[in-house]
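A.B. asks: Questions regarding the structure given below will be posed in turn.
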Amino acid sequence: MARSSSTRSSSERRVLDEAGGVRAMTWVMAIMLFLTVLAAALGIGTRTSARSLERQLSGRLTVQIVEGDPVARDAAAARVLALVRALPGVRSATAVDRTELETLLRPWLGEQGADPELPIPAMIDVDLADTGSADRVAAEARRISPSARVDRHQGWMSPVTGFMATMTWLAVALVALMVAATSAVVVLAARAGLETHRATIEVMHMLGSTDIQVARLFQRRIAIDAAIGGTIGAIAGVLVVLFIGLRLQGLGSELLGGVTLDTGGWIAIAFLPLFFVLLATVAARVTVVAALRRAL
């Protein structure tokens, strides 16, 4: 009797496995996982880069000493540098070499940028251990030199961090859209399978099979297709992410090179196929059980 029941169950699985609509789930899931991995990598990478950029810039500022007289400018810069270095909360303060400034200005000023009479501001790069010390540094610098200007790096990079935040939320929206689209595809595939095997399901009911047993057959087939397709799509997506990461690092850009995945990001990517298999299985079970109960 047990052997007969096992043979019948195996035959039922083979019959339901022949549904062409469900077989197409393999490729659908592969495409969905491929696009989801790319979107998730984009969101995680840009968020990681934005956080790293915020940490680097939040405690950095540049003090400019604007004086027309080179002697007065250099003297004021020296006093400001000494005072800033002595302030609590300041990790380091370094005067920017004039040669470096001339090199930066050469594309715009040409050889005139090396003219010693050119009123180029003296600059001091300050690295703060405590971001709350920025106002104190600005106040002390202006006390010594009223013409001193303090530029906070975080302020002039805020448009970049804002853009990266927008890209992160766009990636989140794309992942949510892929989840919704995958659920809809699974529902449609399960309904198509029910229509294709309506007669077979009626015979199974007459033989004593319950709605839950029939639903298990469908969810098993869809889970297998989702697992195979999800693995293919995830592997392809990871390969593309690795390729893009190598190309970004090859650009030599500090900003773009920071768009990388940390350990937590790779773990999240690795769990995406499992999540989509679970999503497809649950969606198939709920759809089939609800459809069979409505048919009663």
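The values are calculated or read from the model by the stated rules, or taken from the named source; none is laboratory data. Because the structure is a prediction, the values reported are computed rather than measured. With ideal geometry, Cβ positions are generated from the backbone for all residues, glycine too; neighbour counts draw on all protein chains shown. These accessible areas exclude ligands, DNA and RNA; they are computed on the full protein's heavy atoms, side chains included. Shrake-Rupley method; radii C 1.70, N 1.55, O 1.52, S 1.80 Å.
A.B. asks: Being among the hydrophobic types (A, V, I, L, M, F, W, C), open to solvent by 30 Å² or more (accessible area, probe 1.4 Å) and touching a residue at least 40 places away in the same chain (Cβ under 8 Å) is the filter here, so list the residues in the range 58-83 that pass it.
C.D. replies: Matches in the range 58-83: Val66, Leu83.
A.B. asks: Are there helices (runs of 4 or more DSSP H) fully within the range 122-208 with at least 1 residues that are modelled with pLDDT of 80 or more and closer than 30 Å to Pro70 by Cα? List them.
C.D. replies: Qualifying helices (runs of 4 or more DSSP H): 134-144.
A.B. asks: Moving on. When the range 37-57 is examined, which residues are found to be open to solvent by 40 Å² or more (accessible area, probe 1.4 Å) and either touching a Ser or Thr at 6+ places or on another chain (Cβ under 9 Å) or closer than 14 Å to Glu140 by Cβ (or both)?
C.D. replies: Those that are open to solvent by 40 Å² or more (accessible area, probe 1.4 Å) and either touching a Ser or Thr at 6+ places or on another chain (Cβ under 9 Å) or closer than 14 Å to Glu140 by Cβ (or both): Leu42, Ile44, Arg47, Glu54.
A.B. asks: Output the qualifying pairs, or none if there are none: Cβ atoms under 6 angstrom, residues six or more apart or on different chains, first residue in the range 225-236 and under 17 Å from Ala268 (Cβ atoms), second residue open to solvent by 40 Å² or more (accessible area, probe 1.4 Å) and assigned to a helix (DSSP H, G or I).
C.D. replies: From residues that are under 17 Å from Ala268 (Cβ atoms), the pairs are Gly233/Phe34.
A.B. asks: Of all residues in the range 166-179, which are under 11 Å from Arg47 (Cα atoms), open to solvent by less than 40 Å² (accessible area, probe 1.4 Å) and of a type outside the set (S, T, N, Q)?
C.D. replies: Within the range 166-179, Ala171 is the sole residue that qualifies.
A.B. asks: Scan the range 251-258 and tell me whether some residue there is assigned to a helix (DSSP H, G or I) and at pLDDT 75 or above.
C.D. replies: Checked against the condition, which is being assigned to a helix (DSSP H, G or I) and at pLDDT 75 or above, the range 251-258 yields no hits at all.
A.B. asks: Just give me the residues in the range 73-116 being part of a helix (DSSP H, G or I), of a type in the set (A, V, I, L, M, F, W, C) and either modelled with pLDDT of 75 or more or closer than 17 Å to Arg143 by Cα (or both), in sequence order.
C.D. replies: Ala75, Ala76, Ala77, Ala78, Val80, Leu81, Ala82, Leu83, Val84, Ala86
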